[in-house]
Structure formats: structure tokens, C-alpha cells
Amino acid sequence: MPSRDVWGTLERLVLRVTAAAPDTVAPFTSVGVSCVGPVDEQAGTVSPPYLSSWTSFALREQLEELTNKPVVLASAGAAAAEAERTIGEAQDTASFLAIVADATVDSACVIDGQRLRGAHGNAGAIAHITVDPGGLACWCGAQGCLEPYLSSIALEAEMNRPLGRANDSIIERSGLMLGRAIASICATVDVDSVFITGALVDVFGDRLLATARRELATRSRLDFLEELTLVEPVEHIASLVRAASLVV
Ligand SMILES: [Zn+2]
């Protein structure tokens with residue numbers, strides 16, 4: 001992601017890749033695109049945090065003009081959920097939550113085989129659940145959202161060092177807040193499984209997940225949440241494949 005001329009760079013990349021497609025491959029018929037939320041699926045716009053030039057950016061329309069093909073746009077969390085249920089580890093799970101803990105936090109919910117969309121396409125997003133009232137400031141303007149505790153951009157800014165050099169107390173805190181957020185949303189949406197991927201999981205690993213599971217067990221005391229599992233899928237599905245799965 002370049003800091004300037006983001007659309008120009010993406011436009012050139014799309015043109016270069018489509019021009020390089022070999023003759024033996026059938027031409028593509030549609031485009032799936034995902035972007036970190038919040039998104040507006042109705043309007044086809046995205047407003048990724050930390051990228052002010054893309055506030056309410058009409059990504060779908062721009063891609064439709066560029067490719068002359070129908071474009072399906074959704075959040076990165078939604079793309080992760082669609083990919084997990086199409087080709088990933090949620091193929092046999094009717095109700096689950098997919099979380100991407102990466103540069104920012106994104107998630108989506110599949111209930112009874114249907115991805116929840118909501119009025120704008122952000123249903124199931126947990127990034128701005130309050131996990132620590134009066135806690136860290138979030139880019140959204142509120143305090144104590146999950147986002148600053150689980151976004152690599154926010155954590156690296158807070159620590160002033162790369163994610164890989166986070167100390168145990170930071171990792172513990174991230175796990176705690178993650179467990180808290182999952183407990184809140186799962187009591188509401190009633191899912192069997194939570195699949196989590198992203199840089200935070202790759203870098204913090206089992207220490208993050210073990211703390212989150214402990215906190216989740218403490219906060220989720222309802223019978224129907226007893227079997228709830230928090231898992232990191234063994235097979236990582238690449239972001240582009242996730243985006244493509246939006247049109248499958
Ligand atoms: Zn927030």
C-alpha cells in the first residue's frame with residue numbers, strides 16, 4: 001500500500017496483470033475486491049483507517065470503469081468469512097465468526113450459512129466493541145475500542161517499535177481484549193466457531209490465543225457458548241483469493 005497515489009498504483013497493477021494473462025486462460029468475468037472496513041456495500045465506497053485520501057472512496061465504481069466487469073465489494077472480514085466457508089476450514093460450519101487481526105481489525109459473521117451484511121455491509125465487525133472503557137484512544141474517536149489493542153498499526157505506534165518486539169504484557173493485553181470482544185459478540189450472534197488470522201496471530205502466536213481463550217472462558221458462562229472454539233486456520237488463504245471468493 002503506497003502512501004500516495006493509491007488508486008493510480010492499483011490501476012496500473014490491474015492493467016499490468018490483466019494484460020499479462022496468457023491466451024490459454026479464459027478471460028475473467030467479474031471482480032471481487034475487499035478493503036479493510038468500514039465499507040459501504042450499498043454505495044460501493046470504502047474508508048480505510050489511516051488512509052485519509054480514501055475517505056468514502058468509490059472503489060467499486062472505479063474498478064467497474066477500469067475493467068468493464070461487474071465488481072463485488074466487501075470488507076476484508078467479509079472476504080475472509082466467504083473464503084473460509086467456500087474453500088477453507090468453515091465449510092462444515094453453519095455459524096461462525098471470521099476475524100482478521102492485521103494492520104487494522106476486521107471481521108464478519110456467517111449465521112446459518114448466510115453472511116450477515118447489515119445496512120452498509122459492516123455487520124459482525126468487532127473492531128469498535130468497547131473492551132476497556134476509558135482506555136486507549138481509537139482512530140474512530142472513541143476510547144477503549146478493540147481496534148487499538150489488536151491493530152498492528154496502532155500497537156506499533158503505541159510501542160514505537162515493530163510488532164515482533166512487543167513484550168509479554170502487550171501480548172497478554174491484546175489477548176485479554178480479544179477474548180472480551182469475542183465473548184460479547186458471541187453471546188449476541190450465537191456461533192460455534194471463531195476463526196482468526198492476520199499478522200497479530202502470526203507474530204504473537206499461541207500466547208495471544210491462549211490468553212484470549214482464558215478470558216473468553218471467564219466471560220462466556222452461558223450454556224450455549226460452552227462449545228465455542230477460537231481457532232487459527234491451518235491453511236492460510238491469501239488476501240487475493242479471499243477477495244475472489246466474494247464472487248464465487
Ligand atoms: Zn473505535
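The values are calculated or read from the model by the stated rules, or taken from the named source; none is laboratory data. Quick caveat: nothing in here was measured; it's all calculated off a predicted structure. Neighbour counts are summed over all protein chains in view; Cβ atoms, including those assigned to glycine, are modelled from backbone coordinates with ideal geometry.
Is it the case, given these coordinates, that Glu84 is closer than 22 Å to Ile196 by Cβ and modelled with pLDDT of 95 or more? Working first, answer last.
Values: closer than 22 Å to Ile196 by Cβ: yes; modelled with pLDDT of 95 or more: yes.
Criteria met by Glu84.
Residue-wise test of (1) in contact (Cβ under 8 Å) with a residue 24 or more places away in the chain; (2) part of a loop (DSSP other than H, G, I, E, B); (3) under 19 Å from Asp106 (Cβ atoms); (4) assigned by TED's automatic domain parsing to the domain that holds Asp102.
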| residue | (1), (2), (3), (4) |
| --- | --- |
| Val33 | yes, no, yes, no |
| Gln42 | yes, yes, yes, no |
| Ser53 | yes, no, no, no |
| Glu61 | no, no, no, no |
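Pairs needed: first member in the range 216-229, over 16 Å from Leu178 (Cβ atoms); second member anywhere, charged (D, E, K, R); C-beta distance under 8 Å; at least 6 residues apart or different chains.
Within 8 Å, the pairs are Phe224/Asp190; Glu227/Asp192.
Inspect the range 75-96 for any residue being among the aromatic types (Phe, Trp, Tyr), within 18 Å of Ser245 (Cβ to Cβ) and within 22 Å of the chain's Cα centre (by Cα) and give the result as yes or no. Let's see the steps before the verdict.
Going residue by residue through the range 75-96, those that are among the aromatic types (Phe, Trp, Tyr) are 96.
Keeping just the survivors that are within 18 Å of Ser245 (Cβ to Cβ) gives 96.
Narrowing the set further to residues that are within 22 Å of the chain's Cα centre (by Cα) leaves 96.
Yes, that holds for at least one residue.
Each row is one residue, and each column tells you yes or no for (1) more than 13 Å from the ligand (Cβ to nearest atom); (2) in the same structural domain as Gly198 (by TED's automatic domain parsing); (3) buried (at least 24 other Cβ atoms within 10 Å of the Cβ); (4) at pLDDT below 95.
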position: Ala108; (1), (2), (3), (4): yes, yes, yes, no
position: Ile111; (1), (2), (3), (4): yes, yes, no, no
position: His128; (1), (2), (3), (4): no, yes, no, no
position: Asp132; (1), (2), (3), (4): no, yes, no, no
position: Ala137; (1), (2), (3), (4): no, yes, no, no
position: Ser151; (1), (2), (3), (4): no, yes, yes, no
position: Ala157; (1), (2), (3), (4): yes, yes, no, no
position: Arg161; (1), (2), (3), (4): yes, yes, no, no
position: Asn167; (1), (2), (3), (4): yes, yes, no, no
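Give the residues of the range 63-109 that are in contact with a helix residue (DSSP H, G or I) (Cβ under 7 Å, 6 or more places away or on another chain), over 26 Å from Trp139 (Cα atoms), in a loop (DSSP other than H, G, I, E, B) and polar (S, T, N, Q), sorted by residue number.
Of everything in the range 63-109, just one residue is in contact with a helix residue (DSSP H, G or I) (Cβ under 7 Å, 6 or more places away or on another chain), over 26 Å from Trp139 (Cα atoms), in a loop (DSSP other than H, G, I, E, B) and polar (S, T, N, Q), namely Gln91.
Can you tell me which condition Glu172 does not meet? The list is (1) within 16 Å of the ligand (Cβ to nearest atom); (2) of a type outside the set (S, T, N, Q); (3) without any contact (Cβ under 8 Å) to a residue 60 or more places away in the chain, and all the others hold.
Here Glu172 meets the rest and fails (1).
Go through the range 1-31 residue by residue and tally those that are closer than 22 Å to Ala74 by Cα, touching a residue at least 24 places away in the same chain (Cβ under 8 Å) and of a type outside the set (Val, Ile, Thr).
6
Would you mind stating whether Ala123 is over 18 Å from Ala199 (Cβ atoms), surrounded by fewer than 17 Cβ atoms within 10 Å (Cβ to Cβ) and either within 17 Å of the chain's Cα centre (by Cα) or within 16 Å of the ligand (Cβ to nearest atom) (or both)?
So Ala123 fails the test.
Which residues, counting only those in the range 209-242, are out of contact with any Cys (no Cβ under 9 Å at 6 or more places or on another chain), buried (at least 17 other Cβ atoms within 10 Å of the Cβ), under 23 Å from Ala79 (Cα atoms) and of a type outside the set (D, E, K, R)?
Matches in the range 209-242: Leu209, Leu230, Pro233, Ile237.
For Ala103, are the conditions met, namely being of a type outside the set (Lys, Arg), away from the ligand (no atom under 13 Å from the Cβ), in contact (Cβ under 8 Å) with a residue 24 or more places away in the chain and within 17 Å of Ser239 (Cβ to Cβ)?
Numbers: of a type outside the set (Lys, Arg): yes; away from the ligand (no atom under 13 Å from the Cβ): yes; in contact (Cβ under 8 Å) with a residue 24 or more places away in the chain: yes; within 17 Å of Ser239 (Cβ to Cβ): yes.
Taking the combined requirement at face value, the residue satisfies it.
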